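Please read the structure below before turning to the comments.
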Amino acid sequence: MSDLRQRFYMENCPVRGEVVHLEETLQTILAQRDYAPAVQILLGEMLSATALLASTLKIQGRISLQIQAEGTFKWAMAECNHSGEVRALADYEAGPRFNEADSSQTVLATLVNPVLFISIEPDSGERYQGIVALDKATLAECLMQYYDLSAQIPTHIVLASTAQRAGGLLIQLLPRNNEEEQEWVDEDLWPRLTLLTETLKTEELTELDAQEILYRLYNEEDVRLPDAEPLHFGCTCSRERCANALQQIGVQAVRETLEHQNPITMDCQFCNTRYSFTAEEALSLFGEHLS
Ligand SMILES: [Zn+2]
């Protein structure tokens, strides 16, 4: 199993974490569009990050990260749901141009007034949206700042990607049981664990499997691994959603569209599935018939 999320705990220690690895899934997603290498790396990091963040939620639903900017690079987004389905997309058709050697940091540095939205959409219940300043050099640093300010759970995140493989690691310090525990954990353990985590190199995060990564980093701790969960590409598009979209633009707009496009076709940007509605089908959504 190459595309997975591996949770880990440390025995007698208020720390939990996750490692994610994406390979086939990443390649499937990156093949859907013609992205520059630097954008591929950014999308790989965003995918790893959403898979990590999804693991911290206890909801049925999905979490997405969306970068929005004002320049020619308009947006990039990645999403993960509770069953490990991920998808991602970026829109920067009008440029800018990136070089072969550019990284995700180059992309972030070129963005004009960028903002990072973190959206949590439970299948039932209220939607949550947080906004994060994209004013650090890396996506991981921006996300850590978000945790610092909002969640108040000490969280350390590392992300890495190539055009073939992406990986990420998240480690969190859970509430301590008593003052004594708080002291040794805060003064010794947590700083040591975050320092160790920072030593991970891109190659290690993208090439090694989860167990090997955890062994290299934390072999002095008693690390426990429950079963890993698979991650895979999945799209939430459907004919029903397209029909809803047509109903939202209204019968007048649908009639106008039919004049130059019959049947009406709608392409999912994420998976390239084409949905097609004949005039009869489109009008029947409004209880109308061809006249
Ligand atoms: Zn789709």
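Mind listing just one residue for me: the one in segment 1-45 that is of a type in the set (D, E, K, R) and open to solvent by less than 30 Å² (accessible area, probe 1.4 Å) and, of those, farthest from residue 144 (Cα to Cα)?
Among those that are of a type in the set (D, E, K, R) and open to solvent by less than 30 Å² (accessible area, probe 1.4 Å), it is 3.
How about segment 46-86: which of its residues are under 23 Å from residue 17 (Cα atoms), open to solvent by less than 20 Å² (accessible area, probe 1.4 Å) and not small (Gly, Ala, Ser)?
46, 47, 50, 52, 53, 63, 65, 79, 80, 86
Identify all residues within segment 224-238 that are under 29 Å from residue 88 (Cβ atoms), more than 16 Å from the ligand (Cβ to nearest atom) and of a type outside the set (A, V, I, L, M, F, W, C); write none if there are none.
226, 227, 229, 230, listed by residue number.
Filter segment 234-249 down to the residues that are under 25 Å from the mean Cα position of the chain (by Cα) and without any contact (Cβ under 8 Å) to a residue 60 or more places away in the chain and list them by number.
Scanning segment 234-249 gives 237, 238, 239, 240, 241, 242, 245.
Of all residues in segment 68-90, which are among the aliphatic types (A, V, I, L, M) and either more than 15 Å from the ligand (Cβ to nearest atom) or in a loop (DSSP other than H, G, I, E, B) (or both)?
Of the residues in segment 68-90, the ones among the aliphatic types (A, V, I, L, M) are 69, 76-78, 86, 88-90.
The answer is 69, 76, 90.
Give the residue that is nearest to the ligand (Cβ to nearest atom), with candidates limited to residues of segment 239-256 that are within 22 Å of residue 77 (Cβ to Cβ) and surrounded by fewer than 15 Cβ atoms within 10 Å (Cβ to Cβ).
The extreme case among them is 241.
Could you give me the residue pairs with C-beta distances under 6 Å whose first residue belongs to segment 73-90 and is more than 16 Å from residue 108 (Cα to Cα) and of a type outside the set (Asp, Glu), whose second residue is within 15 Å of the ligand (Cβ to nearest atom) and at pLDDT below 95 wherever it lies, and which are 6+ apart or on separate chains?
81/62; 87/235; 87/270
Please verify whether residue 286 is over 30 Å from residue 51 (Cβ atoms), touching a Cys at 6+ places or on another chain (Cβ under 8 Å) and without any contact (Cβ under 8 Å) to a residue 40 or more places away in the chain, treating the condition exactly as stated.
For residue 286, the condition - over 30 Å from residue 51 (Cβ atoms), touching a Cys at 6+ places or on another chain (Cβ under 8 Å) and without any contact (Cβ under 8 Å) to a residue 40 or more places away in the chain - is not met.
Can you find a residue in segment 237-246 that is out of contact with any Leu (no Cβ under 7 Å at 6 or more places or on another chain) and assigned to a loop (DSSP other than H, G, I, E, B)?
yes
State all residues of segment 207-233 that are buried (at least 17 other Cβ atoms within 10 Å of the Cβ) and either in contact (Cβ under 8 Å) with a residue 60 or more places away in the chain or outside any helix (DSSP H, G or I) (or both); if no residue qualifies, say none.
208, 210, 213, 214, 218, 221, 223, 228, 229, 231, 233
Of the residues 121, 126, only one is in the same structural domain as residue 49 (by TED's automatic domain parsing) and open to solvent by less than 50 Å² (accessible area, probe 1.4 Å); which? I'd like the intermediate steps shown before the answer.
Details: 126 fails: open to solvent by less than 50 Å² (accessible area, probe 1.4 Å).
It is 121.
Being of a type in the set (D, E, K, R) and at pLDDT 90 or above is the filter; apply it to segment 136-182 and report the residue that is least open to solvent (accessible area, probe 1.4 Å). Before you say what the answer is, go through the steps one by one.
First, pick out the residues of segment 136-182 that are of a type in the set (D, E, K, R): 136, 141, 148, 165, 176, 179-181.
Filter once more, keeping what is at pLDDT 90 or above: 136, 141, 165.
On the way: 136: 84, 141: 75, 165: 60 Å².
In this case the residue turns out to be 165.
Looking at residue 259, is it among the acidic types (Asp, Glu), away from the ligand (no atom under 16 Å from the Cβ) and assigned to a helix (DSSP H, G or I)?
yes
So, of the residues in segment 270-291 that are part of a loop (DSSP other than H, G, I, E, B) and loosely packed, with under 13 Cβ neighbours inside 10 Å, which turns out to be farthest from the ligand (Cβ to nearest atom)?
In the first step, residues of segment 270-291 are kept if they are part of a loop (DSSP other than H, G, I, E, B); the result is 270-273, 278, 285-291.
Now drop any that are not loosely packed, with under 13 Cβ neighbours inside 10 Å, which leaves 272, 287, 289-291.
Details: 272: 7, 287: 28, 289: 30, 290: 29, 291: 33 Å.
Looking at the filtered set, the residue picked out is 291.
The values are calculated or read from the model by the stated rules, or taken from the named source; none is laboratory data. Given the structure is predicted, the values throughout are model-derived calculations rather than measurements. Every residue, glycine as well, gets a Cβ built from its backbone with ideal geometry; the counts of neighbours run over all protein chains shown. The accessibility values were calculated without ligands, DNA or RNA, using every heavy atom of the protein model including side chains. Shrake-Rupley method; radii C 1.70, N 1.55, O 1.52, S 1.80 Å.
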